[in-house]
Amino acid sequence: YLLDKSEKYDSRDVERLQQDDKWVDSFLIWRHDVVDDTLKMIDESFQWRKEYTVNDLSESVLPKWLFESGVLFLHGYDKEGYKLFWFRVKHHIKDHKQQLEKKKLVAFWLEHYAKRDHGKPLTVVFDMAETGISHIDLDFVRFIVSCFTDYYPNFLTKIVIFEMPWIMNAAFKIVKGWLGPEAISLLKFTNKNDVQEYISGEYLPPHMGGTDSFKYSYPPLVDDDFQTPLCENGPITSEDEHESKEEIDADAKEAGELNEEQNLNQKKVNFVEQISKSEETDKAEIKPKNAKKVLTTFKGPLLHISPAEELCFGSKETGEKKCLIVLTNVTKNVVAFKVRTTAPEKYRVKPSNSSCEPGTSLDIIVSLHGGFTASLQDRFLIMAAEMDQSSGAGVTELTQFWKEVPRTKVMEHRLRCHVVESSKPSSLTLKDSTLNIPAKNNEDLHIQLTHLLQINKRLQEQVDRCLWFQQLSVGLLLLSVTVVAFCFYLA
């Protein structure tokens, strides 16, 4: 493919494919590990990406009115913790002259999210309330569907269609023909009575029976529902007041041990940086002594952040209500940071708005208020930016700094929440770390689970076919017996 069509691909896509195993894996999973089909999909996807200049799409490239229309945007999460991609059909008017630009807007949002959340799947919501014939645009709907079936592999969890008018039934029969049998199973037709089976009321607008007060506007781009200010010293519940001194001391001791080792690691990083910058990536990994707090690390240009992807809280049974985020400043300047969340009423974060000195590490304690439990929909956003040495780091200086700092100079990293149902996984983590067996991260498990579900689905289809043949055979046998008996009767 490369030899015959190299000029039809963007070299950045080819380079990424050669370096990103997860991307390759997602194509394979979507095409059931059939290599020829996978290659064909990659070929079509890459040609489409170059044709639409997907890697270069940005706010400045697309017309402002596209964003202002509010037809497409990302907001909220479904009950499984997947991001919602909204298509407000009533704001879309069919116009062939604007079709290409609108398609590029779809590509912009999908690429924007794919780069930010590393390809975590989406749930598409077609909000068809107050729509009519003038809003029917099968070509545009087909493009959205093909983005998920042909260009963004393993990127779709389900399509929630809200209050589809009866007049559009015929149109959606055509859409079903484009989807194929697997994708058809992802269609969920809903109304006010059952839409909350898939999306909780907190992320549904009032006209869908929810309580979400969010109203789309532009600029700026919708900022992932992260809210500020974040509760740093939120209401102290009786449970928190009676927290035992031993638990506090234990937390302090663990944090102290973690800081001590990270500071030591940081010195090693600085030393290695002077010798060879290429070796620094491998040797700077943070390895706390306590196996229960084994952390992965996101290595950003300003801060290294541990854990890299998830904050693990316990369920009501386990009672784990605290998590630790460790920030390490890898620059030569003071780095200001602040933490935002999608659920500020649930969490206390100390500190939530502060700064980190060059070459040092800082602990952020995230704790749940009494009575609240973490959920998969909750997200945290860590924002960081370099400060001038002359700038102060007080509350007033930080407030003014965040008002003035350009968006382009702000590093952002997102963390999602994970709820541990029992204490058993902790003991397994300890055992694995003792044997030096690398634990697989959540994304690997998600890919494997998806793969197993696909295999299970194919097996189920084979079983259904066998049962159908069996029933057909029994029917034919009974028919034959009846005919023979009737013949004997006549004789």
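The values are calculated or read from the model by the stated rules, or taken from the named source; none is laboratory data. Please read these numbers as outputs of a predicted model, since none were measured by experiment. Cβ sites come from the backbone with ideal geometry, for glycine too, and all protein chains shown count toward neighbours. Side chains included, ligands, DNA and RNA excluded: accessible areas come from the protein's heavy atoms. Shrake-Rupley method; radii C 1.70, N 1.55, O 1.52, S 1.80 Å.
A quick yes/no check of all residues on (1) open to solvent by 50 Å² or more (accessible area, probe 1.4 Å); (2) in a loop (DSSP other than H, G, I, E, B); (3) modelled with pLDDT of 85 or more; (4) over 28 Å from Ser200 (Cα atoms):
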position: Lys316; (1), (2), (3), (4): yes, yes, no, no
position: Gly319; (1), (2), (3), (4): no, yes, no, no
position: Lys332; (1), (2), (3), (4): yes, yes, yes, yes
position: Glu345; (1), (2), (3), (4): yes, yes, no, no
position: Val349; (1), (2), (3), (4): no, no, yes, no
position: Ser355; (1), (2), (3), (4): no, no, yes, yes
position: Gly359; (1), (2), (3), (4): no, yes, yes, yes
Does any residue of the stretch 84-103 turn out to be without any contact (Cβ under 8 Å) to a residue 40 or more places away in the chain and β-branched (Val, Ile, Thr)? no
Phe143 vs. criteria open to solvent by less than 20 Å² (accessible area, probe 1.4 Å), over 30 Å from Met383 (Cβ atoms) and at pLDDT 80 or above: yes
Here the residues within the stretch 288-314 that are more than 19 Å from the chain's Cα centre (by Cα), modelled with pLDDT of 80 or more and outside any loop (DSSP other than H, G, I, E, B) are Leu303, His304
Taking the stretch 334-343 and keeping residues part of a strand (DSSP E or B), over 16 Å from Gln400 (Cβ atoms) and touching a Phe, Trp or Tyr at 6+ places or on another chain (Cβ under 9 Å) leaves Val339, Arg340, Thr341
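Take Ser45 and tell me if it is open to solvent by less than 80 Å² (accessible area, probe 1.4 Å), among the polar types (S, T, N, Q) and in a loop (DSSP other than H, G, I, E, B). I'd like the intermediate steps shown before the answer.
On the way: open to solvent by less than 80 Å² (accessible area, probe 1.4 Å): yes; among the polar types (S, T, N, Q): yes; in a loop (DSSP other than H, G, I, E, B): no.
In short, no.
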Open item on the list: Given the criteria modelled with pLDDT of 70 or more, open to solvent by less than 50 Å² (accessible area, probe 1.4 Å) and assigned to a helix (DSSP H, G or I), does Gln460 qualify?
Closed with: no
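A quick yes/no check of all residues on (1) among the β-branched types (Val, Ile, Thr); (2) surrounded by fewer than 16 Cβ atoms within 10 Å (Cβ to Cβ); (3) at pLDDT 75 or above:
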position	(1), (2), (3)
Ala393	no, yes, no
Thr396	yes, yes, yes
Ile437	yes, yes, no
Asn441	no, yes, no
Leu452	no, yes, yes
Ser480	no, yes, yes
Just one listed residue, out of Arg16, Arg12, is without any contact (Cβ under 8 Å) to a residue 12 or more places away in the chain, basic (Lys, Arg) and farther than 30 Å from Ile161 by Cα, and it is Arg16
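For residues in the stretch 1-42 being part of a helix (DSSP H, G or I) and in contact with a Leu (Cβ under 9 Å, 6 or more places away or on another chain), which is farthest from Glu101 (Cα to Cα)? Before you say what the answer is, go through the steps one by one.
First, the residues of the stretch 1-42 that are part of a helix (DSSP H, G or I): 2-8, 11-19, 21-30, 35-42.
Then drop every residue that is not in contact with a Leu (Cβ under 9 Å, 6 or more places away or on another chain), which leaves 14, 23-24, 27, 35, 38, 42.
Details: Val14: 25, Trp23: 27, Val24: 29, Phe27: 27, Val35: 33, Thr38: 29, Ile42: 24 Å.
Once the filter is applied, the top-ranked residue is Val35.
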Conditions (1) farther than 20 Å from Glu310 by Cβ; (2) at pLDDT 80 or above; (3) acidic (Asp, Glu) -> Asp378 fails only (1)
